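Shown next, in structure tokens, is the structure this report addresses.
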Amino acid sequence: MKSVKIENVSKQFGQVHGVKDLNLTIKAGEFFTFLGPSGCGKTTTLRMIAGFYYPTEGKVLFDDRDVTLLQPNKRNIGMVFQNYALFPHMTVDENIAFGLQVRKLSKTEITQKVDRIRGLVHLEQYGRRKINELSGGQQQRVALARALVIEPDILLLDEPLSNLDAKLREETRIEIKRIQTELGVTTIYVTHDQMEAMAMSDRIMVMEQGIIKQIGTPQEIYNRPLNRFVADFIGETNLIEATIESINGDDIQAKTVNGLNFIGRKQHSSPTLTHMIGDKVFISIRPESVNLGPGENKLIGKISFVEFTGISVNYIVDFTEFSLKVMIINTNGQLKQIGEDITLHIAQDSLYFLGE
Amino acid sequence: MEKPPVDSYQDNAWVRLTQSKWFVYILISPLFLVLFAYVVYPFYQTFIQSFTGDDALSHYKKFFSLASPANLEALWTSLYISIISVICCAIVGVTMAFLLERYDFPGRRLLAILVLVPMALPPLVGVLSFTFLYGDSGIFPRALQHLFGLDQVPFSLNGIMGVIVVHTFTMYTYFYLTASAAIKGLDPSLEEAATSLGAGRIRVWTKVILPMLTPSIVASALLVFMISMASYTAPLMFGVERTMTMQIYLSRTNGNLEMAATQSMILSFVSITFLIIMRWYQNRRNYQNLSKGISVHRSEVSSKGMKILATIASFVGTLILILPILVLILISFSVDGAWKTQILPTDYTIDHYIALFTDERTWRPIWNSIQMGVVATLGNILFGVAAAYAMVRLNFKGKTLLDILIMVPWALPGTVVAVNLIAAFSTENIFAFNQVLIGTFWILPLAYFIRHLPLVFRSTSASLVQLDQSIEEAARSLGATWLYTFRRIVIPLTFTGILAGTLLALVQSLGEFVASILIYSSSTIPLSVAIFQKLYAFKFGTACAYGVLQICLILIVLIISEKLSKGSAGSAI
């Protein structure tokens, strides 16, 4: 169990920037997630920690040891690959034992450890199976066992769930989290799925185009995004452009181009916002925070889309300059029709103000 | 614990070196050195030799002079034989592919197996059996002569005709293989669609089927043309002296090395041009596999007359394919010197086979070939696996050059490879560790190594491409060094590919004749040259026994490769 520190790391591929000037500390024992759309540099960063890429500039430290140029086989890491990368010519046990054989453990020790870890991932009966005789989920667990059995200082997971179907993904997600908590190993998890990231992580780093957009706990990232990208990428939201009209103590009043007024709270805004009158801001409104009927920040619009999902009814409501995604929890009420007018309100505490 | 500073400095210097972007060039330099020493340098020496003389261009002038047109005639004959060979091979190969893939008739299954028999015949042995069967004193012409009581044989294979027939027999398989693969991929519903739109049989053929087969036919045509240009054994056995390869052989045996070099350069030029066209064509051609789940249904030959005709035709085809091997086996049991004007040999013995393994003088060439073949193949494995790994896994400038340098010796006629080696290694030289290689044991393994460079390389890189790089990374992340990963992961997973190429290279080395005949040393005569010598000493029985042995070896290898490819298909994820 080690901490990971990344200092001023940049990686260039020819002329293209993979990541730019990254600074980051991952605490020992933490479950840390790199989250972002494909091509954002999350896998590049992970591969530099693993030692498959060397940074063009900067340093990678495990605890206080500089490992920037250390070969991957000397880092004592466990890695789970997106396609599992199991050795197809070996059985389940041989796969798991590989890292132990490299470490020249005795036969009895290897058998013991392999048996124990096979139990941990619930593959007791499968030791002698060939890899191609396993289902996708079982292969995934072999890959995890193989990475964990060597008792790595750091566990690296590169989109490990993306090849599983939806139901299995949820099961495995819980399983990975359970094992990680049990072993307490420092874990770095790469994904583009924000649900996965939110559910599993202690902290999340959101990346875009090789740059860190925000680092924080799931709650911070969701409730207090620093910028438009994070607000938009994490969960669903409506972003409405407005100008700050007035500030009364804790209240901010902002006005859209067409004169719609919104009132929100100053403490519900991004820390990067300067709060000057006349500043351009974005108001973030989560679909689930919009309520039916009159109240604070009342709006009347026309329904252009209705979708019944069981748990909720989703509407898209058109206003003159923007449309609002609205999610109403289904309480057996009457569904409204396309073209009908609808009255909505948003609690002042539910508005969130952002800069660019 | 703190490391002493000196140690960490050294550590760091080594790490810096291995992490440097130039390090990869240190890794690949041995590959280029080998190619430079044994491919480029010999070629360059021949190039230089072709320009030596009073006037730098004198040999080229002589080659193209109309006053003594032997050379131009040879060039023309080679081209002419090659073009006719391509046409004949195309007709036989594509027709066979269609008949076997699309029609069902009695004897189809047997024919489908035997159709590849020519591939199991080493070049010299193939020509040999053809002369026994259809030559001037061959079994068939003589049988007809006796049957009809003629004064002389009614027909016989010789000259250019003989060469073309042998080419057709041995090379139609290239067309057959590519065409049958293409036909397998041809969706029959396309034909049905064309028919439903009102197209007649001929229109379906010219507008749908042939255009779809064109890429495979063109690729095979280029290949057959190249091999025909390089053909040496058939002209030699049928006495066609005016071909390029024969001219080179004659110049060399007459001691006119400069002329041999000039002729080699011109032949190389043709071969390499065709190699380039072939590569270009292969890269350009796209596989359009739009249809999913192709179900080929064979039409049954239904009418009674056609059925009889088809049966006879497939019987004749089977006979033609199997006779060369049968005749070899038959003659291998005949007593040397006892077969003169009779249709078939009269006296039989199994002495030749006993002698193969008991008589020191008869066993010697076999042992020589095994030794030289094994040495060459070991070289091929080492080089081929390293080059394949570099090609697939490393990133460096000069990949295309590496690829070309490996392919060129394969495209060069064996005769030219031999002339190049003579030019480079008949004097002491640094690449031969200051030895004269010509006249020693080592020259033939070197020739085999060069001629078969791409075999292990190709098959290994094909299986390496299949191997996901993350599997290697997984092993590294688990703590394995590069070498350990290579041994436990890369080698086992590419083993079938490496073995397939290795076996092919070994078999080819054991049967190699074209380069051997020009540069063998009398102390280490290879098997193929021994066959040739026995033939000229009228020891047909021994020659054929050698031939049968070679065929057996090739069959074993083919069977193993077949088994391997099936086995690997079963265990792949």
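The values are calculated or read from the model by the stated rules, or taken from the named source; none is laboratory data. What you see is a predicted model; the values in this text were computed from it and never measured. FYI the Cβ positions are ideal-geometry reconstructions off the backbone, even for glycines, and counts take in every protein chain you see.
Some values worked out for this structure:
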{"quantity": "In the range B:453-474, residue surrounded by the most Cβ atoms within 10 Å (Cβ to Cβ) [restricted to those that are at the interface with chain A (Cβ under 7 Å from one of its Cβ atoms) and of a type in the set (A, V, I, L, M)]", "calculated": "B:474"}
{"quantity": "Which listed residue, of B:500, B:480, is farther than 25 Å from residue B:374 by Cβ and either in contact with a Phe, Trp or Tyr (Cβ under 9 Å, 6 or more places away or on another chain) or in contact (Cβ under 8 Å) with a residue 40 or more places away in the chain (or both)", "calculated": "B:480"}
{"quantity": "Filter result for residue B:180 (at pLDDT 80 or above, assigned by TED's automatic domain parsing to the domain that holds residue B:90 and under 30 Å from residue B:75 (Cβ atoms))", "calculated": "no"}
{"quantity": "Residue under evaluation residue B:21, criteria (1) modelled with pLDDT of 75 or more; (2) closer than 20 Å to residue B:400 by Cβ, criterion not met", "calculated": "(1)"}
{"quantity": "Among (1) surrounded by 20 or more Cβ atoms within 10 Å (Cβ to Cβ); (2) not assigned by TED's automatic domain parsing to the domain that holds residue B:162, the one test that residue B:65 misses", "calculated": "(1)"}
{"quantity": "Some residue of the range A:37-46 being closer than 30 Å to residue B:490 by Cβ, away from chain B (no Cβ under 14 Å), in a loop (DSSP other than H, G, I, E, B) and in contact with a Gly (Cβ under 8 Å, 6 or more places away or on another chain)", "calculated": "yes"}
{"quantity": "Within the range A:57-105, considering residues that are more than 8 Å from chain B (Cβ to nearest Cβ), touching a residue at least 60 places away in the same chain (Cβ under 8 Å) and in a strand (DSSP E or B), the one surrounded by the most Cβ atoms within 10 Å (Cβ to Cβ)", "calculated": "A:80"}
{"quantity": "Pair list, Cβ under 8 Å, 6 or more apart: the range B:133-148 residue surrounded by 18 or more Cβ atoms within 10 Å (Cβ to Cβ), other residue among the β-branched types (Val, Ile, Thr) and modelled with pLDDT of 80 or more", "calculated": "B:133/B:139; B:133/B:327; B:134/B:165; B:138/B:131; B:139/B:327"}
{"quantity": "Subset of the range B:318-341 [assigned to a loop (DSSP other than H, G, I, E, B) and in contact (Cβ under 8 Å) with a residue 40 or more places away in the chain]", "calculated": "B:333, B:335, B:336, B:337, B:339, B:341"}
{"quantity": "Sole exception among (1) buried (at least 16 other Cβ atoms within 10 Å of the Cβ); (2) more than 26 Å from residue B:514 (Cβ to Cβ) for residue B:247, by number", "calculated": "(2)"}
{"quantity": "Which numbered condition residue A:18 misses (of (1) more than 9 Å from chain B (Cβ to nearest Cβ); (2) at pLDDT below 90; (3) over 22 Å from the mean Cα position of the chain (by Cα))", "calculated": "(3)"}
{"quantity": "Any hit, the range B:295-309, residues being modelled with pLDDT under 85, under 30 Å from residue B:548 (Cα atoms) and not in a loop (DSSP other than H, G, I, E, B)", "calculated": "no"}
{"quantity": "Residue list for the range A:330-356, restricted to those being aliphatic (A, V, I, L, M) and in a loop (DSSP other than H, G, I, E, B)", "calculated": "A:335, A:338, A:347, A:351"}
{"quantity": "Residue B:128 under 27 Å from residue B:209 (Cα atoms) and assigned to a helix (DSSP H, G or I)", "calculated": "no"}
{"quantity": "Qualifying positions in the range B:303-314 - closer than 20 Å to residue B:113 by Cα and surrounded by fewer than 14 Cβ atoms within 10 Å (Cβ to Cβ)", "calculated": "B:312"}
{"quantity": "Residue list for the range B:405-439, restricted to those being more than 25 Å from the chain's Cα centre (by Cα) and over 25 Å from residue B:387 (Cβ atoms)", "calculated": "B:426, B:427, B:428, B:434, B:435, B:436, B:439"}
{"quantity": "Matching helices (runs of 4 or more DSSP H) fully within the range B:25-111 where at least 1 residues are of a type in the set (A, V, I, L, M)", "calculated": "B:41-50, B:70-102"}
{"quantity": "Residue ranges of helices (runs of 4 or more DSSP H) in the range B:398-479 with at least 3 members under 24 Å from residue B:231 (Cα atoms)", "calculated": "B:399-411, B:414-425, B:443-451, B:453-466"}
{"quantity": "Any hit, the range B:358-376, residues being surrounded by 19 or more Cβ atoms within 10 Å (Cβ to Cβ) and closer than 14 Å to residue B:38 by Cβ", "calculated": "yes"}
{"quantity": "Looking only at the range A:128-159, and only at residues there that are away from every other protein chain (no Cβ under 12 Å) and surrounded by fewer than 17 Cβ atoms within 10 Å (Cβ to Cβ), the one that is farthest from the chain's Cα centre (by Cα)", "calculated": "A:128"}
{"quantity": "Yes/no for residue B:346 being assigned by TED's automatic domain parsing to the domain that holds residue B:539, free of Cβ contacts under 8 Å to residues at least 60 places away in the same chain, of a type in the set (Ser, Thr, Tyr) and out of contact with any helix residue (DSSP H, G or I) (no Cβ under 6 Å at 6 or more places or on another chain)", "calculated": "no"}
{"quantity": "From the options A:328, A:316, A:342, residue that is within 22 Å of residue A:240 (Cβ to Cβ), among the hydrophobic types (A, V, I, L, M, F, W, C), surrounded by 14 or more Cβ atoms within 10 Å (Cβ to Cβ) and touching a residue at least 40 places away in the same chain (Cβ under 8 Å)", "calculated": "A:342"}
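Per-residue answers, yes or no, for (1) assigned by TED's automatic domain parsing to the domain that holds residue A:184; (2) within 23 Å of residue A:231 (Cα to Cα); (3) under 17 Å from the mean Cα position of the chain (by Cα); (4) modelled with pLDDT under 90:
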| residue | (1), (2), (3), (4) |
| --- | --- |
| A:8 | yes, no, no, no |
| A:13 | yes, no, no, yes |
| A:34 | yes, yes, yes, no |
| A:44 | yes, no, yes, no |
